[in-house]
Every structure is written in C-alpha cells, then in structure tokens.
Amino acid sequence: MSTKELFDPVEQSEILRYVREMIHTRFDDSISPEISAMDGKLEEEMSCFVTLHSANGMLRGCIGNIAAFEPLAENLARNAINAAFNDPRFPPVAVDEIDELEIEVSVLTPMQKIDSANEFEVGKHGIVLRCNTRSAVFLPQVAPEQGWDAATTLTHLSMKAGLHPDSWKSPDAEFEVFEAFVFSEKDVS
C-alpha cells in the first residue's frame, strides 16, 4: 500500500468525523457512528494511530497499532476509544473536553526491516527500535515536529524504550520502518 493519496479530502473528513463520534459514544449511547467502506479501503486490514491534541496544542492521547490485524474501520474505532480513555500517560478525556480536541489520524504502511539505522529517513519513515527485550516506536511526524535529526530521534527512541540513550548504536539493536498517511482536523475543512 502506498500512502500517497490514500484518502481524498472528503474521505479524510468522514474518517475524522467517525473517530470523533466514537469518542462521543462513551458519554452518549444514542450515537451510532457509521462510516462508508470507501471503495473497500476501510475493510482492508490496515493499522493506524489516533492522536488527540488539547485546545492549546498539547498531546492529549495517542494510541495505535504498528501491525495490521483487523479491518481499518475497526482499528480506527478501537484506537479512538483507547487514545481518549486508555492512554496511560493521561487521565481519561472528560465530556467537556471532546469538542476542544483536535484529532489526527495516521494510517500506516506495513513495516519493513532495515539493516541499519542509516537507512532511516527523518520525515519519511516512522521507526521501531527493538533491543534486548525492549522496544519503542515513533510515527514519521514526530521527529520533524520536534526538530530532531536522525541521531537525536534514535537517541530519544532509545530512551522511550527505557534503554541507555546510545542503545540504538548497539549491535543488538534492530530496526523497522514504515510510512504513514497523516491527516488532521486542522488540515481538513
């Protein structure tokens, strides 16, 4: 799957509406979110991340899957609920916060193993680091948003995995990369 033009702007708006309605269902069981199959694209086994930002632009929740295991529509629904209510870094979203949230969706390509960290391209690739029994992931947009170069990104990825900052240089370090089709409410009208 290529991430280029995966969903047109109308489809992006529909997906974002669906994610927002999924979050609302936690507080209003009369809402029954529905979404079209979009020519079968939402029935394909794909993975995604749902990212929530508060009104001041701060991260409010981010949950997803790097490996596909269910239809994308189901993965969107699962990760919408998990980002809003089950991200262990944040308290659950309150009903009065929902309308202030900005929603971002990242639909991922399958992961590809790379032979070394030198093959990682900032801004193009998301990256998974596995070293010993630890692992961590960054979506492709994380490094550019933070202003990090590749080495800085890999240092932060090591620390996110609970490892020494230079663990990414270890011969035990293994890497996989992926791309993402990313869209948010601030970009879609």
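Structure data summary
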quantity: Every residue from the range 112-142 that is touching a residue at least 24 places away in the same chain (Cβ under 8 Å), hydrophobic (A, V, I, L, M, F, W, C) and in contact with a Ser or Thr (Cβ under 9 Å, 6 or more places away or on another chain); calculated: Phe120, Val122, Ile127, Val128, Leu129, Cys131, Ala136, Leu139
quantity: Lone qualifier among Phe85, Phe27 - being of a type in the set (Phe, Trp, Tyr), at pLDDT 95 or above and not assigned by TED's automatic domain parsing to the domain that holds Val142; calculated: Phe85
quantity: Count - residues of the range 88-105 that are modelled with pLDDT of 95 or more and touching a strand residue (DSSP E or B) at 6+ places or on another chain (Cβ under 8 Å); calculated: 7
quantity: Exclusive hit being among the small types (Gly, Ala, Ser) and out of contact with any Leu (no Cβ under 6 Å at 6 or more places or on another chain), set Ala136, Ala94; calculated: Ala94
quantity: Where a residue in the range 157-174 is within 19 Å of Asn118 (Cα to Cα) and its partner, wherever it lies, is among the aromatic types (Phe, Trp, Tyr) and in a helix (DSSP H, G or I), with Cβ under 8 Å and at least six apart; calculated: Leu157/Trp168; Ser158/Trp168
quantity: Residue in the range 21-34 that is under 25 Å from Pro110 (Cβ atoms), surrounded by fewer than 21 Cβ atoms within 10 Å (Cβ to Cβ) and out of contact with any Ser or Thr (no Cβ under 8 Å at 6 or more places or on another chain) present; calculated: no
quantity: Residues being buried (at least 17 other Cβ atoms within 10 Å of the Cβ) and either of a type in the set (Ser, Thr, Tyr) or over 21 Å from Tyr18 (Cβ atoms) (or both) - total across the range 67-102; calculated: 1
quantity: All strands (runs of 3 or more DSSP E) inside the range 19-119 with 2 or more residues being polar (S, T, N, Q); calculated: 47-53
quantity: Flag for Ala150 being over 15 Å from Glu119 (Cβ atoms), buried (at least 16 other Cβ atoms within 10 Å of the Cβ) and under 20 Å from the mean Cα position of the chain (by Cα); calculated: no
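The values are calculated or read from the model by the stated rules, or taken from the named source; none is laboratory data. Remember, it's a predicted structure, so these values are computed and weren't measured experimentally. Note: ideal-geometry Cβ built from the backbone for every residue, glycine included; neighbour counts use all protein chains shown.
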